[in-house]
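Taking it in order: structure first as structure tokens, then the write-up.
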Amino acid sequence: MSFGTIFVTIVFVAILMFSSYLLATSTIFTMNTLSQSFKKANDMQNGKLKTEIEIVNVSVSDAQNITVVINNTGKTKILNDDFKYIDVFVYYDIVGAAEGYTFKWIPYTETYPPENDHWTVVSISPDSVNPRNFDPDEQMKIWIRVLPRIESGTTGWIEVVMPNGISASSYFYA
């Protein structure tokens, strides 16, 4: 065998080993990424299975203020930092408008009292464990201020959606 043949063979084996190394490394990286993604998806699904809420009471005052009492009947706590990810939707008849229903998303605010078309937490009770977090077996009272005003003597609808997508809805009477 000549030196050229030996050199080409060594280069070919080196390229083959390097390619095998790259293939193995990328396969391990891909499997690790997929494994982490499956774990996160499983954790999210597990959180959804353990989350349950119930709207206990909805009351309207001054045709503009809605008070909603929500029970956390599940096993998942909703952190104070996650309140901004809770979605509130309201559907109601507008004062003085013929066929004037409105459907709107109401964002969270920490301001008390809330500005128009915002909601805030009034209280959480009992709140002795993890203050300001909405823990299992606790009740959260929220205040929603809407504008335009709600027509008196009509029926409206409200839906509260937790950060992981679990929701509860209820009709209310103005």
Query raised in the report: Between THR73 and SER59, what is the spin-label point distance in nm, taking each point 7 Å from the Cα along the Cα→C-beta axis?
Result: 2.1
Query - Heavy-atom accessible surface of the range 77-122: percent carbon and sulfur, 1.4 Å - result: 52
Query raised in the report: Where the centroid of each part is defined by its Cα atoms, how far is the range 1-23 from the range 71-94 in Å?
Result: 63
Query raised in the report: Out of the range 1-108, which GluC sites (Glu not before Pro) are coil in DSSP terms and have no more than 13 other C-beta atoms within 10 Å?
Result: GLU99
Requested in this report: Return one whole number: the accessible area per residue of the chain in Å², for a 1.4 Å probe.
Outcome: 62
Report summary line: Computed over the chain: longest principal axis from alpha-carbon atoms vs helix 3-50 long axis, angle to nearest 10 degrees, is 20
Query raised in the report: Which three extents, in whole angstrom, do the alpha-carbon atoms of the range 1-121 cover along their principal axes, largest first?
Result: 99, 35, 28
Report summary line: Note on the chain: contact order normalised by length, alpha-carbon pairs under 8 Å, 6 or more apart, percent, works out to 25
Report summary line: Asserting the computed 222 nm helical MRE of the chain (DSSP H runs at least 4 long, -39500 (n - 2.57) per run, divided by residue count, to nearest 500) equals -10500 deg cm²/dmol
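The values are calculated or read from the model by the stated rules, or taken from the named source; none is laboratory data. Note that the structure is predicted; figures quoted are calculated from it, not measured. Because the Cβ atoms are built from the backbone with ideal geometry, glycine has one as well, and the counts that use them run over all protein chains shown. Ligands, DNA and RNA are stripped out before the accessible areas are found, and what is left, the full protein with its side chains, is counted by its heavy atoms. Shrake-Rupley method; radii C 1.70, N 1.55, O 1.52, S 1.80 Å.
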